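Worksheet: the structure to be examined is printed underneath.
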Amino acid sequence: MHTDTIVVTGGAGFIGSNFVNAWVKLKLGKLVNLDKLTYAGNMENLAEISHDPDHVFIHADIGDRAAVKTLLETHKPRAVLNFAAESHVDRSIHGPDAFIQTNVVGTFNLLEEVRAYWQALPVESQQSFRFLHVSTDEVYGSLEPNDPAFKETNPYQPNSPYSASKAASDHLVRAYHHTYGLPTLTTNCSNNYGPYHFPEKLIPLVIHNALSGKPLPIYGNGSNIRDWLYVEDHCNAIREVLAKGLPGETYNIGGWNEKTNLDVVHTLCDILDQEQPKAQGSYRDQITFVKDRPGHDLRYAIDASKIEQTLGWKPQETFETGIRKTVRWYLEHTQWVERVTSGEYQHWLSTNYHERGEELA
Ligand code: NAD
Ligand code: DAU
């Protein structure tokens, strides 16, 4: 086993590319990045490290067992971190198949190949090996306004095809630890935001639409609550869990930043009004209330006490500092946004927003 090599899956997506860029820039060792390059995966997210010999990119599906087997045998990693997933709730409502295929069947196939690789390692390498599965707070379901935040002990109550598929993958990971002894770690994080966030998700979509003079679509009345964490803080937390987490444990990750969607959109409009004022009026004038998401979870909130107390992790960014950084990143990367919003993205806009009474494409 090469003690400095790790494998990351889904490292060309939003969180994965932030993780990969940071890992390589911090010179933490060789990183082999396996990604299928779906609509959400983008090599441009990795441009800054494209010539770095510590980054090896492999274009493959986590469900392709032959490709995963070859990768593991060739690179002999000390850890596999699984970020790869279909990640957008609205897409899971329109087409759940890909979510079952990648998040459930794909994770199963990956686990099987990792198990075979791990079982063939010498005993001391088996003990230090880790399989870290990146998951979401959505597996816990939805909270009422006065409920306590999600703890690791909350029951799983997923409500969308996306969260159900992630819950299924979490259960498989748990079972591989209990049944086979595979040294697994699972992280359940709240909503991320930051650079390279694909503009199908609320925050980048609102920034992009605001600057394009388009409506800012708010589902329902905008009172749904999400708990926001800057993506670099999530990546730091994953590195801490990988280094210090106990095999078989799960860790909730969040920044104690609950906001209603309307508050988030107001904040984005106010920052844009300061950073790039319109000729007349405010970006708030573009806000439009549209038909709600079916089965829309009311509230997510993460209790991050366990990771804070046992691993000493704390977020560096407040929502106020992180969201301003994010707006500035989008203002400075208009060409990235233009490129990722051409092609398939236009089709998605007409599919999702036409039925909500808005034409955004
Ligand atoms: P994303 O959609 O931006 O990126 C997913 C990446 O996985 C893409 O690069 C895509 O090409 C790749 N991928 C998809 N299917 C694949 C397959 N079958 N084989 C190999 N690669 C494949 O997602 P994200 O927002 O970066 O989320 C990453 C992970 O973090 C996911 O597991 C998600 O459930 C979890 N998560 C996301 C958030 C969030 O707020 N975005 C919060 C908590 C947890
Ligand atoms: O909680 C973690 C999850 O956060 C991750 O597991 C998912 O991968 C990630 O996509 C995210 O899921 P959400 O559904 O919370 O994120 P999204 O950005 O799609 O929506 C955030 C909130 O904003 C949600 O209440 C729906 C609402 N919304 C979203 C869009 C795209 C709108 O009001 N209008 C929109 O156009």
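Here are the numbers for this structure:
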{"read-out": "Those residues of region 216-249 which are surrounded by fewer than 18 Cβ atoms within 10 Å (Cβ to Cβ) and not in a helix (DSSP H, G or I), in sequence order", "value": "Y219, G220, N221, G222, S223, L246, P247, G248, E249"}
{"read-out": "Number of the condition not met by E44 [criteria: (1) over 20 Å from the mean Cα position of the chain (by Cα); (2) touching a residue at least 24 places away in the same chain (Cβ under 8 Å); (3) within 25 Å of C189 (Cβ to Cβ)]", "value": "(1)"}
{"read-out": "Filter pass, V20 being out of contact with any Lys or Arg (no Cβ under 9 Å at 6 or more places or on another chain), crowded, with 24+ Cβ neighbours inside 10 Å and under 25 Å from S125 (Cβ atoms)", "value": "yes"}
{"read-out": "Selection within region 252-297 - within 13 Å of ligand 2 (Cβ to nearest atom), polar (S, T, N, Q) and either touching a Leu at 6+ places or on another chain (Cβ under 9 Å) or part of a loop (DSSP other than H, G, I, E, B) (or both)", "value": "N257, N261, Q286, T288"}
{"read-out": "Residues within region 12-34 that are over 19 Å from F129 (Cβ atoms) and more than 16 Å from ligand 2 (Cβ to nearest atom), tallied", "value": "7"}
{"read-out": "Among the candidates D285, D297, residue that is within 23 Å of L262 (Cβ to Cβ) and without any contact (Cβ under 8 Å) to a residue 40 or more places away in the chain", "value": "D285"}
{"read-out": "Unmet requirement for E338, which otherwise passes all of (1) more than 22 Å from the chain's Cα centre (by Cα); (2) away from ligand 2 (no atom under 15 Å from the Cβ); (3) at pLDDT below 95", "value": "(1)"}
{"read-out": "Residues of region 184-211 classified as assigned to a loop (DSSP other than H, G, I, E, B) and polar (S, T, N, Q), total", "value": "1"}
{"read-out": "Residues of region 109-126 that turn out to be part of a helix (DSSP H, G or I), surrounded by 15 or more Cβ atoms within 10 Å (Cβ to Cβ) and not acidic (D, E), as a count", "value": "8"}
{"read-out": "Subset of region 272-325 [in contact with a strand residue (DSSP E or B) (Cβ under 8 Å, 6 or more places away or on another chain) and among the acidic types (D, E)]", "value": "D292, D303, E317"}
{"read-out": "Neighbours by Cβ (under 7 Å, 6+ apart or cross-chain): first from region 126-152, more than 26 Å from G181 (Cβ to Cβ); second at pLDDT below 95 and away from ligand 1 (no atom under 15 Å from the Cβ)", "value": "none"}
{"read-out": "Residues located in region 53-64, provided they are surrounded by 16 or more Cβ atoms within 10 Å (Cβ to Cβ) and either farther than 22 Å from F99 by Cβ or of a type in the set (S, T, Y) (or both)", "value": "D54, H55, V56, F57, I58"}
{"read-out": "Tally, over region 1-52, of residues that are more than 15 Å from ligand 1 (Cβ to nearest atom), at pLDDT 95 or above and under 17 Å from L71 (Cα atoms)", "value": "4"}
{"read-out": "Of all residues making up region 329-361, the number that are within 24 Å of H234 (Cβ to Cβ) and exposed (fewer than 14 other Cβ atoms within 10 Å of the Cβ)", "value": "1"}
{"read-out": "Inter-residue pairs, beta-carbon under 9 Å, first within 12 Å of Y193 (Cα to Cα) and in region 315-326, second in a helix (DSSP H, G or I) and among the acidic types (D, E), 6+ apart", "value": "E317/E232; E317/D233; G322/E232; G322/D233; R324/E275"}
{"read-out": "Meets criteria (of a type in the set (V, I, T) and over 18 Å from D170 (Cα atoms)) for I58", "value": "yes"}
{"read-out": "Test: residue in region 185-201 that is more than 30 Å from Q276 (Cβ to Cβ) and either away from ligand 2 (no atom under 12 Å from the Cβ) or free of Cβ contacts under 8 Å to residues at least 40 places away in the same chain (or both)", "value": "yes"}
{"read-out": "Tally of residues being at positive phi and either buried (at least 23 other Cβ atoms within 10 Å of the Cβ) or assigned to a helix (DSSP H, G or I) (or both) across region 127-183", "value": "0"}
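The values are calculated or read from the model by the stated rules, or taken from the named source; none is laboratory data. Not measured: the values here are computed from a predicted model. Glycine gets a Cβ as well: all are built from the backbone with ideal geometry, and neighbour counts include every protein chain shown.
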